[in-house]
Amino acid sequence: MNVDKRPVVFIILATLTILAGTLFTTFIPLFMGTTTPSVEKVIPYKPLEVEGRDIYIREGCNNCHTQTVRPLPFETARYGPPSKIEESAIDRPHLWGSRRTGPDLARVGAKYPAAWHYLHLKDPRSMYRDSNMPAYAWLNERKLDTSYTEKKMRVLGYPYATEDMQALTGKTEMDALVAYLTRLGKELK
């Protein structure tokens, strides 16, 4: 049967195909159960880490670095087991990314110490000769603006104490970014 020569049959078949696809993608997930992550095992961010995450976003780090390991053999060989939904349960917005120019940072905090991150951010080519990442040494000269930190913590529902807020005194933007990077991969209790 030559469907492309019979427009009415073609329209009916196309409509039925679209309807079946819509019903399948709409109603099947209703019976699959929940995909909501459990946040009971997740350690909330500390104030310095929240500020570092905001700097990470502001500087566009998530444009080149993803924070999720996909279940593909070449990724799991390099970055470890695939990411679990709980690892980014408290992230708003999620920083999974879709384009990876630089390495994945999902578990970079468990891989390198803070001193390594300071050196790498100051001069990426001192760590990797062919790196195309820009240097962020100037972050070490900028004092951290903490005027909205307490409000951010409250809005996001993260617990904080007065001691945590006082620990931000005298910190730089570099300190906050390194605190966030060293946290990545250590989300679960």
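Rule-based calculations on the coordinates, nothing more; no lab input. In this text, all values refer to a predicted model and were calculated from it rather than measured experimentally. Cβ: placed from backbone, ideal geometry, glycine included. Neighbour counts: every protein chain shown.
Taken about its Cα centre, the chain carries a charge dipole of roughly 420 debye when the Cβ of each Lys and Arg holds +1 and the Cβ of each Asp and Glu holds -1. Could you point to the label whose value was computed as Kirkwood radius over Cα pairs in Å for the structure here, given (i) 19.5; (ii) 16.8; (iii) 20.1? Among (i) 19.5; (ii) 16.8; (iii) 20.1, the one calculated here is (i).
Between V155 and A115, the FRET efficiency from the beta-carbon distance, with R0 = 30 Å, is close to 0.40. Computed from the C-beta positions of A20 and H94 and an R0 of 41 Å, the FRET efficiency is 0.85 to the nearest 0.05. Compared with the alpha-carbon gap, the fully stretched path from M32 to Y128 is longer by 30.0 nm at 0.36 nm per residue. Highest average first, the peptides 106-118, 15-27, 39-51 ordered by how many other beta carbon atoms sit within 10 Å of their residues are 39-51, 106-118, 15-27. Other residues with beta-carbon under 15 Å from the beta-carbon of I43 carry, at +1 per Lys or Arg and -1 per Asp or Glu, a net charge of +1. Taking Cβ atoms as reference points and 13 Å as the exclusive limit, the residues near G97 contribute a net charge of 0, counting Lys and Arg as +1 and Asp and Glu as -1.
The value of relative contact order for segment 88-145, using C-alpha pairs under 8 Å at least six residues apart, is 20 percent. Around L156, under 15 Å between beta carbons, what's the net of Lys plus Arg minus Asp minus Glu among the other residues? Computed value for this residue: 0. Along the Cα-to-Cβ line of W138, 7 Å from the Cα, sits a label point; which residues in segment 156-189 have backbone N less than 20 Å from it? Within reach of a label on W138, which here means backbone N under 20 Å from a point 7 Å along Cα→Cβ, segment 156-189 contributes 171-178. Ellipticity at 222 nm from helices only: DSSP H runs of n ≥ 4 in the chain, each -39500 (n - 2.57), divided by the residue count, give -12000 deg cm²/dmol.
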